[in-house]
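Peer 1: Encoded as structure tokens, here's the structure I'll be asking about.
Coordinate-derived values only; no laboratory data. Model, not experiment: these values are computed from the prediction. Here the Cβ positions follow ideal geometry from the backbone for every residue, glycine too, while neighbour counts run over all protein chains shown.
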Number of protein chains: 2
Amino acid sequence: MNFSSKLLENAVNEFAKLPGVGQRTALRLVLHLLNQDKTEVSQFTEALNRLKEEIRFCQSCYNISDVAVCEICASQKRDHSIICVVEDTRDVMAIENTAQYQGGYHVLGGLISPMDGIGPSDLNIEPLLERLKAGEVKEVILALSATMEGDTTIFFLYKKLKDLPVQISTIARGIAFGGELEYVDEITLGRSIATRIPYENSLLK
Amino acid sequence: MNFSSKLLENAVNEFAKLPGVGQRTALRLVLHLLNQDKTEVSQFTEALNRLKEEIRFCQSCYNISDVAVCEICASQKRDHSIICVVEDTRDVMAIENTAQYQGGYHVLGGLISPMDGIGPSDLNIEPLLERLKAGEVKEVILALSATMEGDTTIFFLYKKLKDLPVQISTIARGIAFGGELEYVDEITLGRSIATRIPYENSLLK
């Protein structure tokens, strides 16, 4: 694109670095901000700068938090003998939205991905082991995405955890609710037969 | 959405104000920025702040420009007796990309839109009239979008300009190149028959 202004070009290029934002979208967003009041724009940039400067992570579960120990970890109402291991804060929000889970969390901060240069040491795995060695946790639920990176991370974590006196489980995989059998992919369908569960345990009653 | 951090929530809300960005996308973008180095984030916010602080508009055509008179207006190679009136800088870029036009521009900075509270006085219409009254311009091409706002603006401009000694034209409307007749909407097709042009003038030879 040929920009009439270097300042405009810089701003567009910065926006275009964001995932899923191309040059055209970036230009649209930048021109939108340009039409806003100066205070609106400085509010926008201020919020980002403050987030980056002041962001803190819960010292127990490593979820994003404004305080040293997050609300969930500090709650008396929750069952801290179960830990749900997730990739990032979005997964915590997704699981909290189900209102089905009352235990604690542990946020890895990513998944093992050799392609992106992310190894086990880049994730919050050591602090997880320390939490488990403290002995209060009875069950660890590995709630990671059903992708290659998720499976690699599950495999790695299982090897690390299997000798500790905790129950290790993974969230159920199978056909989604509302899913029609004829449209389900072969791997999912095949595995959902292989890992079938007794009707009494299926919660379908 | 329930955020575990007020800082995170603020940043997401600021992003979600951008056009076409919902809360989920905003969260994805913010978490992406959070994973970047501090310098990356400050580069991003710095580019936006500088753009907003230092942005200038060409004092002749009102296109975004880093200098007082933009490259196009200052060029000796261009025909300054023709002015193409457009909505914003994106349209200038689009027309420049065609490499079919060698005249000057005039950027309105928007279209008349009573619904959005944008009236003629919010646009760079007075400066256009002054440019035309200077007497050097022979033709004005109204190159505005074929929308209600575009048509309203064209109608308003035509009334303002019709007594000046300039030729007023609008860009051609009709079926697009590559367009198959059976899929063209009725209004476009009907008008393209009503505004048919002699084969000799059609550039199809």
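Peer 1: Name the residue, out of B:Leu31, B:Leu108, B:Leu51, whose mean-square fluctuation peaks in a Gaussian network model built on chain B with Cα pairs under 10 Å.
Peer 2: B:Leu31
Peer 1: Please give, to one decimal in nm, the separation of the simple spin-label points placed at B:Leu164 and A:Lys17, each 7 Å out from Cα toward the Cβ.
Peer 2: Simple spin-label model gives 4.3 nm for this pair.
Peer 1: To continue, here is another question. What nm distances, shortest first, do you get from the label point of A:Ala194 to those in the other copies when the point sits 7 angstrom along Cα to Cβ?
Peer 2: 6.7
Peer 1: Sort B:160-169, B:75-84 by the packing proxy (mean of other Cβ within 10 Å over each peptide's residues), most packed first.
Peer 2: Details: B:160-169: 13.0, B:75-84: 14.6.
In descending order of packing, they fall as B:75-84, B:160-169.
Peer 1: Comparing B:Glu54, B:Glu126, B:Glu136, which has the greatest mean-square fluctuation in the GNM of chain B with Cα pairs linked when under 10 Å apart?
Peer 2: For chain B, modelled as a Gaussian network with Cα springs under 10 Å, the answer is B:Glu54.
Peer 1: Report, ordered by chain and residue number, the aspartates and glutamates lying within cross-link reach of A:Lys159, taken as a straight Cα distance under 17 Å and ignoring same-chain residues fewer than 8 apart.
Peer 2: The qualifying aspartates and glutamates are A:Glu126, A:Glu130, A:Glu139, A:Glu149, A:Asp151.
Peer 1: Given label points at 7 Å from Cα along Cα→Cβ, what nm distances, shortest first, separate A:Ala68 from the same residue in every other copy?
Peer 2: 6.0
Peer 1: Just checking the output field for A:16-28: average partner chain Cβ neighbours within 10 Å of each residue's Cβ? Write down the numbers at each step before the final one.
Peer 2: Details: counts 0, 6, 9, 5, 4, 4, 0, 0, 1, 4, 0, 3, 4.
Neighbouring Cβ atoms belonging to other protein chains average 3 per residue here.
Peer 1: Still on this structure, please answer the following. Give me the percent relative contact order of chain A, please, defined on Cα pairs under 8 angstrom at least 6 residues apart. All intermediate terms of the calculation are to be shown ahead of the outcome.
Peer 2: Values: 209 pairs, mean separation 25.3, N = 205.
Dividing the mean separation by the residue count of chain A yields 12 percent.
Peer 1: Something else now. Once you put a point 7 Å from the Cα of B:Ser202 and another 7 Å from the Cα of B:Glu126, both along the Cβ direction, what distance in nm separates them?
Peer 2: 4.7 nm
Peer 1: For the stretch A:91-159, with only Lys/Arg (+1) and Asp/Glu (-1) charged at the beta-carbon, what is the dipole magnitude about the Cα centre, in debye rounded to 20?
Peer 2: That gives a dipole near 240 debye.
Peer 1: May I ask you to report, in nm to one decimal and beginning with the shortest, the distances from B:Lys133 to the same position in the other copies, taking label points 7 Å along Cα-to-Cβ?
Peer 2: Result, one decimal in nm: 8.3.
Peer 1: Name the residues whose placed amide hydrogens come within less than 5 Å of the amide hydrogen of A:Gly103, ignoring near sequence neighbours (fewer than 5 apart) on the same chain.
Peer 2: A:Asp79
Peer 1: Have a look at B:Gly179, B:Gly150, B:Gly110 and tell me which one the Gaussian network model of chain B (Cα, springs below 10 Å) gives the largest fluctuation.
Peer 2: Highest fluctuation among the options: B:Gly179.
Peer 1: Calculate one ³J(HN,Hα) per residue across the stretch B:167-172 by plugging θ = phi - 60° into the Karplus curve 6.51 cos²θ - 1.76 cosθ + 1.60, and present them in order as whole Hz with x for glycine and proline.
Peer 2: So the Karplus estimates, Gly and Pro as x, are 7, 10, 9, 10, 5, 5 Hz.
Peer 1: Moving on to the next point. Neighbouring Cβ atoms within 10 Å as the yardstick, rank A:Ser192, B:Ser65, A:Ser60 fewest first.
Peer 2: Values: A:Ser192 17, B:Ser65 26, A:Ser60 20.
In increasing order of surrounding Cβ atoms, one gets A:Ser192, A:Ser60, B:Ser65.
Peer 1: Right, something else. Please average, across the residues of B:160-172, the number of beta carbons from any other chain that are within 10 Å of each residue's own beta carbon, and give a whole number.
Peer 2: On the way: counts 0, 0, 0, 0, 0, 0, 0, 0, 0, 0, 0, 0, 0.
Taking the mean over all residues of the peptide, I get 0.
Peer 1: Over 19 Å between Cα atoms: which of A:Lys52/B:Lys52; A:Lys6/B:Lys52; B:Lys6/B:Lys52; A:Lys6/B:Lys17; B:Lys138/B:Lys160; A:Lys6/B:Lys38 fall into that group?
Peer 2: Numbers: A:Lys52/B:Lys52 21 Å; A:Lys6/B:Lys52 13 Å; B:Lys6/B:Lys52 26 Å; A:Lys6/B:Lys17 25 Å; B:Lys138/B:Lys160 16 Å; A:Lys6/B:Lys38 23 Å.
Listed pairs above 19 Å: A:Lys52/B:Lys52; B:Lys6/B:Lys52; A:Lys6/B:Lys17; A:Lys6/B:Lys38.
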